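Read-outs: derived from the displayed coordinates by stated rules, not from any lab. Remember, it's a predicted structure, so these values are computed and weren't measured experimentally. No Cβ is skipped: glycine too gets one built from the backbone with ideal geometry, and neighbour counts run over all protein chains shown.
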Amino acid sequence: MAESYCDAYPEDDIDIFKGMTILVVDDTNDFLLLTTYILESYGFRVMTASNASTAFEVLKQFRVDLLISDIAMPEEDGYFLIQKLRKLPQFKTREIPAIAFSGCAEGKTRSKALASGFQTYLQKPCSQKQLITEVAKLLLLKSHSSPQNDPRVNCCSPF
C-alpha cells in the first residue's frame, strides 16, 4: 500500500485533478502564493481569498470542490467562515469538503476546527506530501469513493 497520494501517483499522473477548483483562504500572501503553486502543479484550478468575507462571497458565486482555510485571520476567522458555509441552504455549496490550516499547535485548535465543520486539520508548516494527501482523500470521499478501498491512498492520517 502506498504511504501517501504522492507515492501512489507519479507526478505525471495528475490528470485526475483537472477541472477541480480549490479555494484557499489565508491572510498571508506568501502562504497563498506557495499553496497555489503546489496545487496548480497537480492540475487544480486555484482561487484565493485573503479574508473570510471574500471567501464566503466566492463560495456563493462559484463552484468550488474543496476549501482550504486558515483559522487565525483578522476580523472573521476560519471558524466563522466554515460555520457560515455549513448553514447555507444550497446542499452542494454547504457540503464542500474543507481543510483547516493553522500555525497554532494547541490540540484545542484541531478539536475546535473539526467540531466547527472542517473535515480535517493541518498544522502549518506541513509538507507538500501531507497537503496533497489530505486534499486527495477529501476529494475521493466527495466523489463517493471510499479511500479505505483505494489502495493508492493511505487513509491513516496523523491529523
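Between Lys60 and Lys18, what FRET efficiency comes out of the Förster formula 1/(1 + (r/R0)^6) with R0 = 22 Å and r the beta carbon distance, rounded to 0.05?
0.35
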Problem set entry | Dipole magnitude of the range 15-114 about its Cα centre (Cβ charges: Lys, Arg +1; Asp, Glu -1), debye to nearest 20 | 560
Seminar exercise, completed: Here, the range 21-64 modelled as identical Cα point scatterers in vacuum has Debye log10 I(q)/I(0) at q = 0.26 Å⁻¹ of -0.89
Exercise. When Lys and Arg each count +1 and Asp and Glu each count -1, what net charge do the other residues less than 13 Å away from Ile99, Cβ to Cβ, add up to?
Worked result: 0
Exercise. Between Ser111 and Tyr37, what is the spin-label point distance in nm, taking each point 7 Å from the Cα along the Cα→C-beta axis?
Worked result: 3.7
Exercise. Mind checking which lysines have their C-alpha under 29 Å from Lys112, skipping anything on the same chain fewer than 8 residues away?
Worked result: Lys60, Lys84, Lys87, Lys92, Lys124, Lys129, Lys137, Lys142
